[in-house]
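The values are calculated or read from the model by the stated rules, or taken from the named source; none is laboratory data. Please read these numbers as outputs of a predicted model, since none were measured by experiment. Positions of Cβ are generated from backbone atoms using ideal geometry, with glycine treated the same way; all protein chains shown enter the neighbour counts.
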Amino acid sequence: MVTYKSDDPIANGVPLGGIGAGKVEINNKGKMVNITIANNWSFPIKEMQGFHIFIKPDDADPFFLQDELNFINLNKFSTKLIFEGRYPFVRIRGGTVNAMMEAFSPIIPSDVVNSSLPAIGISIRVSGSRGGIVGISFSNICGISKIGRYNEQVRNGIRAKNAKSNEYDPYNGEITLIAESPSNIVAQYNFQVDRKLEKALNLHRVIEDERPWMAIIEGRELRADSGESRGSYYSPAGMVLSRYEGGDDVKFVFSWFFNRPWVYYPYRHYYSNYFSSSMEVADYFMDNFDEFRRKTLNWQENLIDPSLPEWLRDAVINSTYILSSSTWLDEKGRFSLYEAPEVGPMLGTIGGVTYEAGSLPVVLMFPELEKSFLKMLAANMRENGYIPHDLGTFSLDAPSDGTTAPPEWKDTNTTFILLIYRYYLRTKDLDFLKEMYPYMLKAMQWISSQDRDGDGLPELDGSCDTGYDCVPMEGNSSYTSSLFIAAALALIDVSKILNDDKTTEELSALLVRARDSFRRLFDGRKFIAWTGKPQHHNASFAAQIFGEWWAFILGMEDIVERSKISLALDTIREVNGNSSTYCTPNMAREDGGPVDIDSQLTSSWPRLVFSLSALAYSMGKTEWLNIAKKEWDNLVRLGLAWNHPSIIHGDDGQPDKPFLDHYIGSAALWSFTYKYASERT
């Protein structure tokens, strides 16, 4: 597991929440942070004030299973923690007795309903004490305004609502916290001190009222408030307490239900097809708690190649976090991934090692979701056959041609063809392949039309018309050329499956020309980055053989002779891999000179580095594990194991500020286990 101490300065925790349901994070200080459960993916609530995990042993001093509290006198009950994350599980240990909290959300292969629940399960075990009390508190965040917020006691817990929310309010929803066997429920109290004390202390931060907790510590009855919040300094919170006996798990469920469309999420949720309230979700989760946990652990054991080093198995598993942080799943079952929910909120970006890498666990575990995405891509094909860059910004229905459009990109059509073939190989869904075949042919016709000199390869026009949208490449690019060859190979295979002999013959002839032209880009050590402007000083381009990654994933023949692929990988490792102590940049010069085209090239794309490392490792190049580990270790060092950036700068190992967050291609690490998992799903 990725492990931190509560003193480590990390900004993110493990994202928890069902596919398309929004998420909460539990961080290394035991706090609930970066909350997006109210259709607010791009505007997360930075911290749930008033959220606490409290333990009062019968035979030891009480403590909060948290560090850095917002009290005055009770801060002495904070605890230094050990934090372990392995998506979708987080474990926190600490306290005066041996206490551990585990929180998780169900991610269960081939079970979309239970993998899209708006809820997390929390269990607490105190093994160093004979017995005592465990409590969890939370604050009411329902409604965009505090006015109207109120809590109500329900069976085994508390439900939070807002009586004044209107139909246009995305925060118009509800939250529930229940325990399996509560011993006490305090449905509502104000967790915030009054303005007078706050100003007198002048601490410039929220100060929480200590009196509710002092009552618990001193064994006094705590009388609950009632009624709606009518002012900014009344912040309703509630707590649920439960008895524990030494070594037993005490179980809680935290659930939510926010189903109001708004401009930043103009749909309803898939989970609303099966539930009508957070209370229903909580009860259902509690009834199936152990089964959900067991089935979620199963895929971590069954789908990750056991021959991989432990750090790499851990990295693969944790890279799956985007299923909770970055997914949409609407009431119609339409699925997609954000490119970057906070900074680049396009849905379903393809090309540039984006959706195609991030969706590896999707096509393996939830192929029906992949199918829904591919149908949307096909439905949005332009009249000329161009496949858009994405499905829309804050939308599944407003496709964009690209971040640099109007020029149409030269890596989207090839990616579309390869995605369709990947889905077919995973499912053997022949009917769907037949349905998509006309779109695949039209996509190939369009990209082939971009070959203006007849050499079999589409040219770039220098308008930043690829996923490298800051690099004005001209002429034949090894990146897009390798993709084109891979797409041609895939479509030839499909034409054979569908007995389309004419297309097989035509594409086979095209493939010969394309391969011959691609070979001419090889200089004996690598494939030239691109043939036109800007000047690149014959630098080594990491994406030069990305099409071979597709050939590896799909089990196709090599895009060209393996000896050339092998030499290119060796050059990338030696040149790019040694040009930074932190990462493997997209471009580096063999003579050590500067690459002064754009910082997109002097930075790494972690997703590309992991993809190439898996490809090389499959060819027996075990030294590439060091390349992958360097990239992963830097992400962990930065506290970004569950928030991969789009790029890492080669000179200092840092991302952009701000950076494209929770990047769509994060799950490229699944390349290391894709074939292993394919045989077991």
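Whether any residue in region 628-640 is more than 22 Å from Asp8 (Cα to Cα) and within 21 Å of the chain's Cα centre (by Cα) is what I want to check.
Let us first name the residues in region 628-640 that are more than 22 Å from Asp8 (Cα to Cα), namely 628.
If we keep only those that are within 21 Å of the chain's Cα centre (by Cα) too, we end up with 628.
Yes, because at least one residue in region 628-640 is more than 22 Å from Asp8 (Cα to Cα) and within 21 Å of the chain's Cα centre (by Cα).
Got a sec? Which of Phe71, Phe54 is over 27 Å from Leu117 (Cβ atoms), surrounded by fewer than 24 Cβ atoms within 10 Å (Cβ to Cβ), touching a Phe, Trp or Tyr at 6+ places or on another chain (Cβ under 8 Å) and of a type in the set (Phe, Trp, Tyr)? Let's see the steps before the verdict.
Numbers: Phe54 fails: over 27 Å from Leu117 (Cβ atoms).
Just a single option satisfies the conditions, and that option is Phe71.
Among the residues of region 181-208, count how many are farther than 16 Å from Ser229 by Cα and at pLDDT 90 or above. Full working, then the answer.
Narrowing region 181-208 to residues farther than 16 Å from Ser229 by Cα: 181-186, 196-208.
Filter again for at pLDDT 90 or above, leaving 181-186, 208.
Selection size over region 181-208: 7.
Quick one: in region 142-188, which of the residues that are touching a helix residue (DSSP H, G or I) at 6+ places or on another chain (Cβ under 7 Å) and among the acidic types (Asp, Glu) is farthest from Pro261 (Cα to Cα)?
If we take residues in region 142-188 being touching a helix residue (DSSP H, G or I) at 6+ places or on another chain (Cβ under 7 Å) and among the acidic types (Asp, Glu), then Glu180 is farthest from Pro261 (Cα to Cα).
So in region 1-18, with the set limited to residues that are surrounded by 24 or more Cβ atoms within 10 Å (Cβ to Cβ) and among the hydrophobic types (A, V, I, L, M, F, W, C), which one is farthest from Arg260 (Cα to Cα)? Steps first, please.
Taking region 1-18 and keeping what is surrounded by 24 or more Cβ atoms within 10 Å (Cβ to Cβ), we get 13-18.
Add one more test, that the residue is among the hydrophobic types (A, V, I, L, M, F, W, C), and what stays is 14, 16.
On the way: Val14: 26, Leu16: 21 Å.
This residue is Val14.
Among the small types (Gly, Ala, Ser) and touching a strand residue (DSSP E or B) at 6+ places or on another chain (Cβ under 8 Å), is that true of Gly333?
Values: among the small types (Gly, Ala, Ser): yes; touching a strand residue (DSSP E or B) at 6+ places or on another chain (Cβ under 8 Å): no.
When the stated conditions are applied, Gly333 does not pass them.
When you check Glu228 against the structure, is it more than 24 Å from Pro62 (Cβ to Cβ), modelled with pLDDT under 90 and of a type in the set (Asp, Glu), yes or no?
Values: more than 24 Å from Pro62 (Cβ to Cβ): yes; modelled with pLDDT under 90: no; of a type in the set (Asp, Glu): yes.
No: the conditions fail for Glu228.
Quick check on my filter: what residues within region 389-419 are among the aliphatic types (A, V, I, L, M) and surrounded by fewer than 17 Cβ atoms within 10 Å (Cβ to Cβ)?
Filtering region 389-419 for residues among the aliphatic types (A, V, I, L, M) gives 391, 396, 398, 405, 417-419.
Within region 389-419, Ala398, Ala405 meet the criteria.
Can you tell me which of (1) in contact (Cβ under 8 Å) with a residue 60 or more places away in the chain; (2) assigned to a strand (DSSP E or B); (3) β-branched (Val, Ile, Thr) is the one Ile108 doesn't meet?
So Ile108 meets the others, but not (2).
Going by the structure shown, is Thr503 under 24 Å from Leu625 (Cα atoms), among the polar types (S, T, N, Q) and not in a loop (DSSP other than H, G, I, E, B)?
Values: under 24 Å from Leu625 (Cα atoms): no; among the polar types (S, T, N, Q): yes; not in a loop (DSSP other than H, G, I, E, B): yes.
When the stated conditions are applied, Thr503 does not pass them.
Would you please list the contacts, defined by Cβ atoms under 8 Å and residues six or more apart or on different chains, that run from a residue in region 528-543 that is in the same structural domain as Leu483 (by TED's automatic domain parsing) and of a type in the set (Ser, Thr, Tyr) to a residue that is in a loop (DSSP other than H, G, I, E, B) and crowded, with 20+ Cβ neighbours inside 10 Å?
Taking only residues 6 or more apart or on different chains, the pairs are Thr531/Asn476; Thr531/Leu521; Ser540/Lys526; Ser540/Ala529.
What residue, among those in region 111-145 that are assigned to a strand (DSSP E or B) and of a type in the set (Val, Ile, Thr), is surrounded by the most Cβ atoms within 10 Å (Cβ to Cβ)?
Applying the first criterion (assigned to a strand (DSSP E or B)) to region 111-145 yields 119-126, 131-139.
Cutting the leftovers down to of a type in the set (Val, Ile, Thr) gives us 120, 122, 124, 126, 133-134, 136.
Values: Ile120: 26, Ile122: 23, Ile124: 25, Val126: 28, Ile133: 21, Val134: 26, Ile136: 23.
In this case the residue turns out to be Val126.
Select from region 262-276 the residues that are surrounded by fewer than 17 Cβ atoms within 10 Å (Cβ to Cβ) and touching a residue at least 24 places away in the same chain (Cβ under 8 Å) and write down the one among them that is farthest from Ser395 (Cα to Cα). Break it down stepwise before answering.
Residues of region 262-276 surrounded by fewer than 17 Cβ atoms within 10 Å (Cβ to Cβ): 263-264, 266, 268, 272-274, 276.
Those still in the list that are touching a residue at least 24 places away in the same chain (Cβ under 8 Å) too: 263-264, 266, 268, 272-274.
Details: Val263: 9, Tyr264: 8, Pro266: 7, Arg268: 12, Ser272: 19, Asn273: 20, Tyr274: 23 Å.
Among those that are surrounded by fewer than 17 Cβ atoms within 10 Å (Cβ to Cβ) and touching a residue at least 24 places away in the same chain (Cβ under 8 Å), it is Tyr274.
Collect the residues in region 232-258 that are surrounded by fewer than 21 Cβ atoms within 10 Å (Cβ to Cβ) and in a loop (DSSP other than H, G, I, E, B), keeping them in residue-number order.
Residues satisfying the conditions are Ser232, Tyr233, Tyr234, Gly246, Gly247, Asp248.
Report yes if some residue within region 54-63 is within 19 Å of Ala103 (Cβ to Cβ), assigned to a loop (DSSP other than H, G, I, E, B) and modelled with pLDDT of 95 or more; otherwise report no. Full working, then the answer.
Here is the first cut: in region 54-63, the residues within 19 Å of Ala103 (Cβ to Cβ) are 54-55, 63.
Remaining after also requiring assigned to a loop (DSSP other than H, G, I, E, B): none.
No, the conditions are met nowhere in region 54-63.
Can you find a residue in region 369-381 that is small (Gly, Ala, Ser), surrounded by 23 or more Cβ atoms within 10 Å (Cβ to Cβ) and in the same structural domain as Asp661 (by TED's automatic domain parsing)? Spell out the reasoning first.
As a first pass, look at region 369-381 and keep what is small (Gly, Ala, Ser): 372, 378-379.
Now drop any that are not surrounded by 23 or more Cβ atoms within 10 Å (Cβ to Cβ), which leaves none.
Looking through region 369-381, none of the residues is small (Gly, Ala, Ser), surrounded by 23 or more Cβ atoms within 10 Å (Cβ to Cβ) and in the same structural domain as Asp661 (by TED's automatic domain parsing).
Please find, within region 557-615, the residue that is surrounded by the most Cβ atoms within 10 Å (Cβ to Cβ) out of those that are among the charged types (D, E, K, R) and within 24 Å of Ser517 (Cα to Cα). Steps first, answer last, please.
Let us first name the residues in region 557-615 that are among the charged types (D, E, K, R), namely 557-558, 561-562, 564, 570, 573-574, 589-591, 596, 598, 607.
With the extra rule that they be within 24 Å of Ser517 (Cα to Cα), the set shrinks to 557-558, 561-562, 564, 570, 589-590.
Details: Glu557: 10, Asp558: 19, Glu561: 12, Arg562: 12, Lys564: 21, Asp570: 17, Arg589: 16, Glu590: 15.
Restricting to residues being among the charged types (D, E, K, R) and within 24 Å of Ser517 (Cα to Cα), the top hit is Lys564.
Take Ala490 and decide whether it is without any contact (Cβ under 8 Å) to a residue 12 or more places away in the chain, among the hydrophobic types (A, V, I, L, M, F, W, C) and either more than 24 Å from Asp523 (Cβ to Cβ) or in contact with a Leu (Cβ under 8 Å, 6 or more places away or on another chain) (or both).
On the way: without any contact (Cβ under 8 Å) to a residue 12 or more places away in the chain: no; among the hydrophobic types (A, V, I, L, M, F, W, C): yes; either more than 24 Å from Asp523 (Cβ to Cβ) or in contact with a Leu (Cβ under 8 Å, 6 or more places away or on another chain) (or both): yes.
Judged against the criteria, Ala490 is not a match.
Counting residues that are closer than 24 Å to Leu308 by Cβ, at pLDDT 95 or above and of a type outside the set (S, T, N, Q), which helices (runs of 4 or more DSSP H) fully inside region 553-665 reach at least 1?
Values: elements: 562-571, 599-602, 606-618, 624-637.
Where helices (runs of 4 or more DSSP H) fall fully within region 553-665 and carry at least 1 residues being closer than 24 Å to Leu308 by Cβ, at pLDDT 95 or above and of a type outside the set (S, T, N, Q), they are 562-571, 606-618, 624-637.
Could you please let me know if Gly467 is over 33 Å from the mean Cα position of the chain (by Cα), under 24 Å from Lys564 (Cβ atoms), in the same structural domain as Val362 (by TED's automatic domain parsing) and modelled with pLDDT of 95 or more?
Values: over 33 Å from the mean Cα position of the chain (by Cα): no; under 24 Å from Lys564 (Cβ atoms): yes; in the same structural domain as Val362 (by TED's automatic domain parsing): yes; modelled with pLDDT of 95 or more: yes.
Here the answer is no, as Gly467 does not meet what is asked.
Provide a single number: the residues in region 320-365 that are among the polar types (S, T, N, Q) and out of contact with any Pro (no Cβ under 8 Å at 6 or more places or on another chain).
Final tally of qualifying residues: 5.
Please pick out the residue among Lys31, Lys23 that is among the basic types (Lys, Arg), touching a Pro at 6+ places or on another chain (Cβ under 6 Å) and crowded, with 21+ Cβ neighbours inside 10 Å. Break it down stepwise before answering.
Values: Lys31 fails: touching a Pro at 6+ places or on another chain (Cβ under 6 Å).
It is Lys23.
Name the residues in region 75-97 that are in contact with a strand residue (DSSP E or B) (Cβ under 8 Å, 6 or more places away or on another chain) and not in a strand (DSSP E or B), would you? So that I can check it myself, show each step before the final result.
Going through region 75-97, the residues in contact with a strand residue (DSSP E or B) (Cβ under 8 Å, 6 or more places away or on another chain) turn out to be 77-97.
Within region 75-97, Phe77, Ser78, Thr79, Lys80, Tyr87, Pro88, Gly95, Thr96, Val97 meet the criteria.
Are any residues in region 572-597 polar (S, T, N, Q) and either closer than 13 Å to His536 by Cβ or in contact (Cβ under 8 Å) with a residue 12 or more places away in the chain (or both), and if so, which ones? Before the answer, list the steps.
Applying the first criterion (polar (S, T, N, Q)) to region 572-597 yields 576, 578-581, 584, 586.
Listed by number, the residues that qualify are Asn576, Ser579, Ser580, Thr581, Thr584, Asn586.
Take region 284-294 and flag every residue that is of a type outside the set (Lys, Arg) and in a helix (DSSP H, G or I).
Filtering region 284-294 for residues of a type outside the set (Lys, Arg) gives 284-292.
Hits for region 284-294 are Tyr284, Phe285, Met286, Asp287, Phe289, Asp290, Glu291, Phe292.
Take the residues in region 591-625 that are more than 20 Å from the chain's Cα centre (by Cα) and among the aromatic types (Phe, Trp, Tyr); name whichever of them is farthest from Arg573 (Cα to Cα).
Tyr617
Can you pull out the residues in region 295-313 that are surrounded by 12 or more Cβ atoms within 10 Å (Cβ to Cβ) and part of a helix (DSSP H, G or I)?
Within region 295-313, Lys295, Thr296, Leu297, Asn298, Trp299, Gln300, Asn302, Trp311, Leu312, Arg313 meet the criteria.
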